[in-house]
Amino acid sequence: MTGWRAPLTLVLCTSFAASPLLTGGFAGFLPTQFPLVQSRWPVLPVGWAFSIWGPVFALLVASAIRGVLRPADDPLWQPMRLPLMLSAGIGTPWIAVAGLQPLMAAVMIVFMAAAAIEALLRAPRQPAALWPVGLYAGWVTSVACIAVAVVLGGYGVIDTQGAALLLLTFLAGLAGAVLWYRPRATAFGLGVGWAYAGVLIANLDIANVPVIALCAAALLMLAAVPLLRPRTRPRLPPPQP
């Protein structure tokens, strides 16, 4: 029996979307939360970039409602629900944890991103499922990389500039792989691209050329991968008797 997955997905996505209202929202990690107090992090996007959470939450809840209205055991929608529930379930208390333990919050959002990507890879091609999950996966993956870079700099593992370049490069490689192997994951690319655009704009004021150049190259890559990807995958020959 798997009929419980659709309503539970709706409950968890709704609680995830409501978490900013219940916790007072998240204004970002504070420099005083870390052993090394930083004046700024080059990996952080401009503040308005985080407004994308509004459409992300709205689409996730709308998609979950649509899922409840479908047959409970719809074989196309079922595979993505477990990882999506896991991601939303971890995300519900995330803001509360981030205000107290940034290191734990970074670990949590990495798992949120991994589960969201898994949900995207399992999602059907129907736009009602693929677009909400794709946009969420792209954005939360970006935020996970940003959070890890902030923690690395805040704990002195690596300087903030190096952490920004390292995690932004990793994000580009991961996003390229997802776009290459997941057909029609346009929304994922949009979520990641929004993050890169936000970081690029945030670094214009201080003329941080390495970060600006990396973000610009990543944006070009995100646009190019879907165009370069083969329309169909070659079929493997049948095994020989």
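The values are calculated or read from the model by the stated rules, or taken from the named source; none is laboratory data. These figures come from a predicted structure and were not determined experimentally. As a convention, Cβ positions derive from the backbone with ideal geometry for all residues, glycine included, and neighbour counts pool all protein chains shown. Remember, those area values only see protein heavy atoms, side chains included, never the ligands or the DNA or RNA. Shrake-Rupley method; radii C 1.70, N 1.55, O 1.52, S 1.80 Å.
Residues of segment 66-77 include at least one that is buried (at least 19 other Cβ atoms within 10 Å of the Cβ) and in a helix (DSSP H, G or I). Residues in segment 1-37 that are touching a residue at least 60 places away in the same chain (Cβ under 8 Å), assigned to a loop (DSSP other than H, G, I, E, B) and under 20 Å from Met112 (Cα atoms): 3 in all. Flag set for Arg229, criterion: over 21 Å from the mean Cα position of the chain (by Cα), open to solvent by 20 Å² or more (accessible area, probe 1.4 Å) and under 30 Å from Cys13 (Cβ atoms). Listed conditions (1) of a type in the set (A, V, I, L, M); (2) closer than 16 Å to Pro124 by Cβ; (3) open to solvent by 10 Å² or more (accessible area, probe 1.4 Å); (4) over 17 Å from the mean Cα position of the chain (by Cα) are all met by Val37, apart from (2). Could you give every pair whose Cβ atoms fall below 6 Å, whose first residue belongs to segment 62-84 and is farther than 13 Å from Thr14 by Cα, and whose second residue is open to solvent by 80 Å² or more (accessible area, probe 1.4 Å) and basic (Lys, Arg), counting only separations of at least 6 or pairs across chains? Close Cβ pairs (under 6 Å, with a partner that is open to solvent by 80 Å² or more (accessible area, probe 1.4 Å) and basic (Lys, Arg)) amount to Pro79/Arg122; Met80/Arg122. If the condition is being closer than 16 Å to Phe111 by Cβ and small (Gly, Ala, Ser), then segment 134-171 contributes Ala137, Ser142, Ala144, Ala147.
For segment 186-200, name all the residues that are within 13 Å of the chain's Cα centre (by Cα) and closer than 15 Å to Val133 by Cβ.
Taking segment 186-200 first, the residues within 13 Å of the chain's Cα centre (by Cα) are 187-196.
Within segment 186-200, Ala187, Phe188, Gly189, Leu190, Gly191, Val192 qualify.
Criterion first (open to solvent by 60 Å² or more (accessible area, probe 1.4 Å) and either of a type in the set (Ser, Thr, Tyr) or under 20 Å from Ala185 (Cα atoms) (or both)) does Arg81 satisfy it? First the steps, then the outcome.
Details: open to solvent by 60 Å² or more (accessible area, probe 1.4 Å): no; either of a type in the set (Ser, Thr, Tyr) or under 20 Å from Ala185 (Cα atoms) (or both): yes.
Against the criterion (open to solvent by 60 Å² or more (accessible area, probe 1.4 Å) and either of a type in the set (Ser, Thr, Tyr) or under 20 Å from Ala185 (Cα atoms) (or both)), Arg81 does not qualify.
For segment 212-220, the criterion of being open to solvent by less than 20 Å² (accessible area, probe 1.4 Å), modelled with pLDDT of 95 or more and part of a helix (DSSP H, G or I) is met by at least one residue. Restricting attention to segment 48-65, which residues are polar (S, T, N, Q) and open to solvent by 40 Å² or more (accessible area, probe 1.4 Å)? Hit for segment 48-65 is Ser51, nothing else. Only one of the numbered conditions (1) out of contact with any Gly (no Cβ under 9 Å at 6 or more places or on another chain); (2) hydroxyl-bearing (Ser, Thr, Tyr); (3) closer than 18 Å to Gly191 by Cα is not met by Thr92, and that is (3). The lone criterion from (1) under 24 Å from Leu171 (Cα atoms); (2) touching a Gly at 6+ places or on another chain (Cβ under 6 Å); (3) open to solvent by 50 Å² or more (accessible area, probe 1.4 Å) left unmet by Pro45 is number (3).
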